[in-house]
Amino acid sequence: MAHVEMTEEELRQRVRALLEEAHPDKVDQFTFRGKQFDHGLAMVHFPEGLGGLGLNPKMQAIVNDEIRKHAKTFYEDLNVNPIGIGMGAPVVLTHGTEEMKNTLIKRIFTGEDIWCQLFSEPGAGSDVAGLSSRAVRDGDDWVVNGQKVWTTLAHISKWGMLVSRTNPDVPKHKGMSYFLLDMEAPGVDVQPLYQITGEAEFNEVFLNDVRIPNERMLGEEGDGWKVAITTLMNERSALGGGSGRKGGGPVGILMNLWKNHQAAGRSAAAKAVLRDEITQLYIKSELLRLTSQRARAAAKQGNPGPEGSVGKLAQSELYKKVWECGQEVIGADSLVFEAGYELRRPAMEEKQDSLAYAKYQFLRSRANSIEGGTSEIMRNILGERVLGLPGEPRVDKDIAWKDVPRG
Amino acid sequence: MDFAFTEEHEELRQTVRRFLADKSDEAAVRALMTTDRGYSDEVWTQMAEQMALQGMIVPEQYGGNGFGQVEVAIVMEEMGRSLLCAPYLSTAVFAVNALVEAGSEDARADILPKIAAGQSVATVAITEANGVWDVDAIETKAEQDGDAWRLTGTKAFVLDGHVADVILVAARTSDGVGLFRVEGGADNLTRTLSPTLDLTRKLATLELKGTHATRADGGGDQSAALRKAVDLTVVAITAEQVGGAQMCLDMSTDFAKTRLQFGRPIGSFQAIKHRCADMLVEVEFARSAAYHAAFRAAEDDPETALAVSMAKSYCSEAYFHVAAETIQVHGGMGFTWEHPAHLYFKRAKSTSALFGDPVEHRERVADQLAI
């Protein structure tokens, strides 16, 4: 799609006009972001009237910069409504009815309606297309039964993006449909999913005879997989950055632990072993950062290579090792977990220089190589898409979903 | 640090790659590695006359191209890929770095133009039997004898020391460590070719028994200058490691695509595919490390030494691991003499042990970061 041309200065002027009408330091989030939306400065690549101006998406950075210049308060999309803004608004724009566009998108942007994504299921993790929640047509409605899992924000969401099986008699990718689910509808039961740290960052969502009107299907019946993948946030690349400053990130914290919190009473020989381990982790952390820089430089020159694809795998494996080493540095005190395991929603951020933070990350980092694509899936992607190795023979590709063994 | 490679860099890479594909294919490598000399005079001359490779980092006033560490890294990467058998690292990298950093005007003016023209093979002798690539470990003594000097001691692991026309020997004087010039054919010099693990890179032991030498530096202590020369040479060797590692990965993936077992390409098995993916990560990290060191060195950045040691530690282990995995991916074939995997495996280990192994370099990193 061709973008509307606009100079940077003109865009900045529009931002200043917005700020005169509503200033984030003076009005609340919903009011300010509502006005921002009305001025077409919410998502500048969206069409006029739907929060945008039809500009190149890169120009959003200019808007954000101008707001930051004139206001202390800045609402990050990622804090306001990450899944709604990242996936919900684009999917409604691409596949929704005019009425959906006009009623849903603004409330996504302001954060009045939080959105969540209902894809993963207990029986469908890496193989999400194998999911088994069922939607059965009943008059003008679909009746959905099943269970979703790892659902971020479900407990405060108004809308969910649901992929469910509508036809079990065709191969797995062809039998799913995509729905907008009202999370307040009868039969939707959201429960916290407590994890290794004792917190519940995520939820389980149980769907018992939940009725969804047929007009809330996005795309055609059977197109659920296509709709889902065309609107997926680029979660994998977003998770593998390794950017930041030299010596920062987890390894910087590890080096502080080494300086300030290493176990007393270690022998010189034991210290030498740990010192070499920390040095190896420092070098790898630096190379993760430099590889990401190299990828950016190559992309800028229009020459992207494999360096841009290795970040997610390398980072998640490396960070686990860094936090494991943190426990070794702390020594016997790693036996103590002062934060406790009270089952709760994530409440506070431990201070990054505290022992408690390192101990928490030791546990939390186990998810790094699972969330957003397991390391095994990442290795498949590197092997097949970057190195061009042949795929694994697929046993479920051409047979009806109902005949595929699962468990 | 923006890894600012230019189109000219890419052209250089392609030109060198084409040249080496023609002059240093596997058959050429195998033929040369079993000779004592270890290289082809004809190709050496062509490298200078057609490609001006020996003069890459020789300053222009001495007949060179006056390029920097990034350009020579590109050349070395390609040489590592093709396992070129030639005294390039010793002559065009190490000796040139030593002369540029520590050499006297006379020594530079005399030696560098011949190196650039491909008319002289030169090397640097720092390390002794203790295997330390640092000037502090030098015991070889230099004693003044009129206008000349007499050197006594034993130098070990000297790159191409058996064929070098000019040997730049680091030796201890009452003023510290100096750089001395010894002619390859000097009296009271015994040069013994070492039987090496890696046949594609020749090393010699030099016994100096009051050997006649001239001063190649401007006098005084050259420790700092020689340390820098070693560091710059390590930059080049890490680039060579990247080239070799990339070649191993390429061989492994090509093989995994075509080798059939159990009725399918072995690369379709995750056991092989995932090994290859891990190798890819290592190659890309090694590349970042080597290029980072090259750009730092080219800018004469104060953190060059840190970048160099990070690169030497990481690239050495990455190349070795990737080469080892290459043997494994190729199965029985990878273990044969006929298959080139062992040539890379041995080169990987030799480049790891040369100029300080990964443990040594991590020690330097840890020191500089006060870990």
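What follows is calculated from the coordinates using simple rules that are stated; it is not laboratory data. Quick caveat: nothing in here was measured; it's all calculated off a predicted structure. Glycine gets a Cβ as well: all are built from the backbone with ideal geometry, and neighbour counts include every protein chain shown.
Rounded if a/c is under 1.5, else prolate if a/b is larger than b/c, else oblate: which is chain B, with a ≥ b ≥ c the root eigenvalues of its Cα gyration tensor? The shape class here is prolate.
Compute the signed sum of charges (Lys and Arg +1, Asp and Glu -1) over the other residues within less than 14 Å, Cβ to Cβ, of residue A:147.
Here the charged neighbours net out to 0.
The phi-based Karplus calculation (6.51 cos²θ - 1.76 cosθ + 1.60; θ = phi - 60°) puts the 3J(HN,Hα) values of the range A:214-224 at 4, 5, 8, 7, 9, x, 7, 4, x, 9, x Hz, whole numbers, x for Gly and Pro. Net charge dipole, the range A:237-373: roughly 420 debye, given to the nearest 20, about the Cα centre with Cβ charges of +1 for Lys and Arg and -1 for Asp and Glu. Count Lys and Arg as plus one, Asp and Glu as minus one, and take only other residues whose Cβ is under 14 Å from that of residue A:158; the net charge is then -1.
Put in order of Cβ neighbour count within 10 Å, fewest first, the listed residues B:41, B:221 become B:41, B:221. Each Lys and Arg contributes +1 and each Asp and Glu -1, all at the Cβ; summed about the Cα centre of the protein assembly as shown, the dipole is approximately 1260 debye.
Neighbouring Cβ atoms from other chains, within 10 Å of the Cβ of residues in B:268-274, number 5 on average. Put a plus charge on the Cβ of each Lys and Arg, a minus charge on the Cβ of each Asp and Glu, and nothing anywhere else: the dipole of chain A about its Cα centre is then about 1480 debye. Amide H contacts under 5 Å for residue A:183: A:159, A:160, restricted to partners 5 or more places along the chain or on a different chain, H placed in the peptide plane at 1.01 Å from N.
The angle between the Cα long axis of helix B:7-23 and the longest principal axis of the Cα atoms of chain B comes to about 90 degrees, rounded to the nearest 10. Given R0 = 45 Å, the distance between the Cβ atoms of residue A:2 and residue A:189 translates into a calculated FRET efficiency of 0.45. Spin-label model, residue B:224 to residue B:7: label points 7 Å out along the Cα-to-beta-carbon direction sit 4.2 nm apart.
Within the listed set A:174, A:158, A:397, the residue fluctuating most in the Gaussian network model of chain A (springs between alpha-carbon atoms under 10 angstrom) is A:397.
What residue among A:267, A:4, A:34 has its Cα farthest toward the positive end of the dipole of chain A, where the charges are +1 on Lys, Arg and -1 on Asp, Glu, each on the Cβ? It is A:267. Please give me, ordered by residue number, the trypsin sites (Lys or Arg not before Pro) of the range A:256-286 that lie in loop per DSSP and have at most 16 other Cβ atoms within 10 Å. Loop-located and lightly packed - A:266. Taking A:64, A:145, A:368 as the candidate residues, the one with maximal mean-square fluctuation in a Gaussian network model of chain A, Cα springs under 10 Å, is A:64.
For the residues B:245, B:213, B:353, a GNM of chain B with alpha-carbon springs under 10 Å puts the largest fluctuation on B:353.
How do A:179, B:157, B:335 rank when sorted from fewest to most other Cβ atoms within 10 Å of their own Cβ?
Numbers: A:179 25, B:157 21, B:335 12.
Ranking A:179, B:157, B:335 by Cβ neighbours within 10 Å, fewest first, gives B:335, B:157, A:179.
Hey, for a label at residue B:270 modelled as a point 7 Å past Cα toward Cβ, could you say which residues of the range A:391-407 have their backbone N under 16 Å away? Label zone hits: A:391-396, A:406-407.
Quick one: if you stick a label point 7 Å off each Cα along the C-beta vector at residue A:138 and residue A:17, how many nm between them? So the two model labels end up 5.2 nm from each other. When A:3, B:342 are arranged by Cβ crowding within 10 Å, least crowded first, meaning fewest neighbours, the order is A:3, B:342. Among beta bridges identified by DSSP and lying wholly in chain A, the antiparallel ones come to about 80 percent. Taken one residue at a time, the phi angles of the range A:146-163 give Karplus couplings (6.51, -1.76, 1.60, θ = phi - 60°) of x, 9, 10, 8, 6, 8, 5, 6, 4, 5, 10, 8, 8, 10, x, 9, 10, 10 Hz. Gly and Pro are set to x. Across the range B:243-249, coupling constants 3J(HN,Hα) worked out from phi with the 6.51/-1.76/1.60 Karplus curve, θ = phi - 60°, read x, x, 5, 4, 4, 4, 5 Hz, and Gly and Pro carry x.
So, counting K/R as plus one and D/E as minus one, what does the shell of residues with Cβ under 13 Å around residue B:209 add up to?
Local charge sum for residue B:209: +1.
Computed from the C-beta positions of residue A:335 and residue B:106 and an R0 of 60 Å, the FRET efficiency is 0.35 to the nearest 0.05. Under 5 Å between amide hydrogens, built in the peptide plane, is the criterion, and for residue A:118 it picks out A:161, A:162, A:163 among residues at least 5 positions away or on other chains. Only lysines eight or more places from residue A:69 in sequence, or on another chain, were considered; those with a Cα closer than 16 Å are A:26. In the range A:58-108, taking the dipole from charged Cβ atoms about the Cα centre, the farthest positive-side position among A:93, A:59, A:103 is held by A:59.
Label sites at residue A:206 and residue B:174, each approximated as a point 7 angstrom past Cα along Cα to Cβ, lie 9.3 nm apart. For residue A:106, list the aspartates and glutamates whose Cα falls under 16 Å from its own Cα; do not include residues on the same chain fewer than 8 positions away. Of all the aspartates and glutamates, those that pass the test against residue A:106 - Cα under 16 Å, at least 8 places apart if same chain - are A:28, A:38, A:48, A:76, A:77, A:98. Given a cut-off of 29 Å, name the pairs among A:320/A:402; B:257/B:346; A:148/B:273; A:284/B:273 whose C-alpha atoms lie farther apart than that in the structure shown. Flagged as over cut-off: A:320/A:402; A:148/B:273.
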